[in-house]
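Each reported figure results from applying straightforward, stated rules to the coordinates on display, with no laboratory input. In this text, all values refer to a predicted model and were calculated from it rather than measured experimentally. Don't worry about glycine lacking a Cβ; one is built from the backbone with ideal geometry, like all the others, and counts go over all protein chains shown.
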Amino acid sequence: MSRCNRGSALVVVLVLMSGLGGLALAAAAAAMTALALAGHQQMAQNAFEAAESGIVLALLQAAAMRGAGTDAGTILPDDWTARASFRTATVEAEGPGALPEGFSIGQNDGSFAARHFFITADADSGRGARARLEQGFYLVVPSP
């Protein structure tokens, strides 16, 4: 073996190991990014589900009370990483309501009226995830 060839294997191995180390670091960074994105997606889904829970609760309360109101709540309280909270507001729409001008459900005692409502549900979850859902609905109730 000549003097100029000595140590060339060491240089080749060091270059290859450096390249493999760089590839391993890039793969680790990609995996960490994918894990963070999955966590953010999970928190966004939690916020969406909390807003849907708020809509359902507001619909049930509005049907029971035949009117508007507000509510707040927390779902998934056992796991702090999955905790989500919601706030709802139910307001009655201004204007003639569900029925067009000149149409009535009845003008006598025991007649009915249609009332139009809107629910807005805002939800928050971990990592700053937020969701807002809006839902409109009508109630047909006895006329006052």
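If the segment from Tyr138 to Ala63 were pulled out straight at 0.36 nm per residue, it would be longer than the present Cα-Cα gap by 26.0 nm. The listed peptides 114-123, 14-23, 54-63, ordered by packing as a protection proxy, come out as 114-123, 54-63, 14-23 (highest mean of other Cβ atoms within 10 Å first).
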